[in-house]
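Structure, as structure tokens:
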Amino acid sequence: MDMQSKAKKLIEMIQTAPVEWKPLGEIAEVSAGNSAPQNSAFFENGIYPFCRTSDVGRVHHSINFYQIQDKLNDIGIKGLRLFKKETILLPKSGASTLLNHRVMLTIDSYVSSHLATIYRNEKIVLAKYLFYFLSQFDVNELIPDKSYPSLKVTEIAKIKIPIPPLETQKKIVKILDKFTELEATLEATLEAELALRKRQYRYYRDFLLDFDNQIGGDS
């Protein structure tokens with residue numbers, strides 16, 4: 001069975017799954033990072049990643065994010081909060097807020113206060129499922145003044161997330177992972193084929209996560 005056939009079969013399976021829509025703040029901890037240490041001495045011989053919006057911007061979109069340039073030393077991390085791997089990051093202030101950057105940490109990291117941090121309730125939602133859903137959400141809808149782009153953590157926490165059973169989330173993640181792997185492979189091969197597969201991926205991602213248009217959806 002090819003990928004497209006599997007995707008269609010999965011759509012059929014989840015159409016009758018019960019879905020409950022919940023504010024992001026009820027299924028995840030939504031917060032922000034730390035103020036960036038200003039003393040350059042805190043970065044000398046550093047070994048602890050300190051993620052900035054520029055790091056996220058260089059990658060733009062990644063479920064396997066680790067490309068962090070700055071490293072803090074033992075003195076620099078004092079008083080700072082460490083964010084666990086599988087924390088989702090998105091810019092919440094500055095021009096990059098408008099660009100819908102999304103990454104998920106694959107390493108524990110310290111994070112700049114210009115980034116919103118989202119860590120799910122592990123009993124309710126899978127990290128990858130939440131990442132895939134947030135990847136299709138346009139945060140521009142939450143920014144009242146595009147001239148001074150800024151997102152409040154309290155507004156991010158209000159984003160409604162469709163929550164099917166964990167088993168259904170696993171099935172959704174499994175097939176979207178396959179498309180992600182295929183997309184990564186194609187990036188090193190034919191651009192035309194990549195564009196086609198990206199359109200196919202977006203179609204199935206949006207369809208799989210569009211519970212409003214499915215029988216089991218609950219608006």
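Applying the criterion of being surrounded by 13 or more Cβ atoms within 10 Å (Cβ to Cβ) and of a type in the set (D, E, K, R) to the residues of region 59-88, the residue that is nearest to VAL30 (Cα to Cα) is GLU86. Within region 30-50, residues that are in the same structural domain as ARG81 (by TED's automatic domain parsing) have Cβ atoms under 6 Å from residues that are in a loop (DSSP other than H, G, I, E, B) and among the β-branched types (Val, Ile, Thr) in these pairs: PHE42/ILE75; TYR48/ILE77; PRO49/ILE68, counting only partners at least 6 apart in sequence or on another chain.
I'm checking my understanding of the structure. Among residues of region 168-219 that are small (Gly, Ala, Ser) and outside any helix (DSSP H, G or I), which one is modelled with the lowest pLDDT?
Across region 168-219, the extreme among qualifying residues is SER219.
Among helices (runs of 4 or more DSSP H) entirely within region 1-119, having at least 2 residues that are modelled with pLDDT of 95 or more singles out 24-27, 53-59. All conditions but one from (1) out of contact with any Gly (no Cβ under 7 Å at 6 or more places or on another chain); (2) more than 20 Å from ILE118 (Cβ to Cβ) apply to LEU72; the one that does not is (1).
Just checking, does region 145-159 include any residue being modelled with pLDDT under 95, surrounded by fewer than 18 Cβ atoms within 10 Å (Cβ to Cβ) and aromatic (Phe, Trp, Tyr)? Yes: one or more hits. Apart from one condition, ALA28 fits all of (1) touching a Lys or Arg at 6+ places or on another chain (Cβ under 7 Å); (2) more than 30 Å from LYS146 (Cα to Cα); (3) aliphatic (A, V, I, L, M); the exception is (2).
Determine if region 56-72 includes at least one residue that is over 17 Å from the mean Cα position of the chain (by Cα) and more than 14 Å from ILE107 (Cβ to Cβ). Checking region 56-72: not a single residue is over 17 Å from the mean Cα position of the chain (by Cα) and more than 14 Å from ILE107 (Cβ to Cβ). Give me the pairs, please: first residue somewhere in region 75-87 and in contact (Cβ under 8 Å) with a residue 60 or more places away in the chain, second residue anywhere and loosely packed, with under 14 Cβ neighbours inside 10 Å and of a type in the set (Lys, Arg), beta-carbon distance under 6 Å, and either six or more positions apart or on two chains. Final answer for the pair search is none. Scanning region 117-127 for residues that are surrounded by fewer than 20 Cβ atoms within 10 Å (Cβ to Cβ), among the small types (Gly, Ala, Ser) and not assigned by TED's automatic domain parsing to the domain that holds TYR204 turns up nothing.
Being of a type outside the set (Val, Ile, Thr), free of Cβ contacts under 8 Å to residues at least 24 places away in the same chain and assigned by TED's automatic domain parsing to the domain that holds LYS146 is the requirement here; does LYS92 meet it? Let's see the steps before the verdict.
Details: of a type outside the set (Val, Ile, Thr): yes; free of Cβ contacts under 8 Å to residues at least 24 places away in the same chain: no; assigned by TED's automatic domain parsing to the domain that holds LYS146: yes.
It is false that LYS92 is of a type outside the set (Val, Ile, Thr), free of Cβ contacts under 8 Å to residues at least 24 places away in the same chain and assigned by TED's automatic domain parsing to the domain that holds LYS146.
The values are calculated or read from the model by the stated rules, or taken from the named source; none is laboratory data. What you see is a predicted model, and the numbers here were worked out from it, not measured in a lab. Neighbour counts run over all protein chains shown; Cβ positions are idealised from the backbone, glycine included.
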